[in-house]
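Heads up: the structure comes next, in structure tokens.
The values are calculated or read from the model by the stated rules, or taken from the named source; none is laboratory data. All values derive from a computational prediction rather than experimental measurement. With ideal geometry, Cβ positions are generated from the backbone for all residues, glycine too; neighbour counts draw on all protein chains shown. Quick note on the areas: whole protein, heavy atoms, side chains included, nothing else; ligands and nucleic acids left out. Shrake-Rupley method; radii C 1.70, N 1.55, O 1.52, S 1.80 Å.
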Amino acid sequence: MITLPGAMDSAVVSCAEVLIEDAEAWAQALDALGARLDFEEVHEVLLQAWQTAAELLPDVLGEPSDQRWAAAPTIELRLSCERPDHTAVIPALADFLDLTPLGPSCRAPRSNMTVTITADPGTARTRRQDVLRRALVHIAHAFGHIHAKAGLV
């Protein structure tokens, strides 16, 4: 999704999303790998989504040297289960993601986890990886996984 200048205070909004429409098809596709994504895979998906939203999609509007940022963009990284299953219950993230590296949670199972990062769009990959690792620990702590540590991935 790209919102062109003038639509929202002359801002560019870009969004990269991985959407799983069919939980049964998802489970079948992952069957050979295990029914859930591990946390290293979650990290890589979020890293690629961040790069796509912060660098690739805005570049569609012109050469990067032609664009000036009014401020560093805000990146929202979200893990969510938004559609009910066949029982009309929204599934927990743990149904699709292996959250065991986060340790036990002191809260009820969650259907979403979100963290917002403000960062330079041209952040080097190694720096982006480090920021994302720290953000994942922050998100884990915020959602009750108080034993999560920086070495998740």
Task: Pairs where the first residue, in segment 115-144, is free of Cβ contacts under 8 Å to residues at least 40 places away in the same chain and on the phi > 0 side of the Ramachandran plot and the second is assigned to a loop (DSSP other than H, G, I, E, B) and charged (D, E, K, R), C-beta under 6 Å, 6+ apart - done: 144/107
- [ ] Name every residue in segment 125-136 that is in contact with a His (Cβ under 9 Å, 6 or more places away or on another chain) and either farther than 16 Å from residue 93 by Cβ or surrounded by fewer than 16 Cβ atoms within 10 Å (Cβ to Cβ) (or both), in order of residue number.
- [x] 129, 132, 133
Task: Filtered residues of segment 85-100 (kept if part of a loop (DSSP other than H, G, I, E, B) and either modelled with pLDDT of 70 or more or touching a Lys or Arg at 6+ places or on another chain (Cβ under 6 Å) (or both)) - done: 86, 87, 88, 89, 90, 91, 92, 96, 98, 99
- [ ] Quick one: in segment 101-114, of everything that is in contact (Cβ under 8 Å) with a residue 40 or more places away in the chain and assigned to a loop (DSSP other than H, G, I, E, B), which residue is farthest from residue 49 (Cα to Cα)?
- [x] 106
Task: Selected residue (only one of 140, 94 is surrounded by fewer than 17 Cβ atoms within 10 Å (Cβ to Cβ), under 19 Å from residue 37 (Cβ atoms) and aliphatic (A, V, I, L, M)) - done: 94
Task: Of all residues in segment 113-124 being surrounded by fewer than 13 Cβ atoms within 10 Å (Cβ to Cβ) and small (Gly, Ala, Ser), the one that is nearest to residue 102 (Cα to Cα) - done: 124
Task: Among (1) at pLDDT below 80; (2) open to solvent by 40 Å² or more (accessible area, probe 1.4 Å); (3) farther than 25 Å from residue 26 by Cβ; (4) part of a loop (DSSP other than H, G, I, E, B), the one test that residue 62 misses - done: (2)
Open item on the list: Can you tell me which condition residue 20 does not meet? The list is (1) outside any loop (DSSP other than H, G, I, E, B); (2) at pLDDT below 70; (3) among the β-branched types (Val, Ile, Thr), and all the others hold.
Closed with: (1)
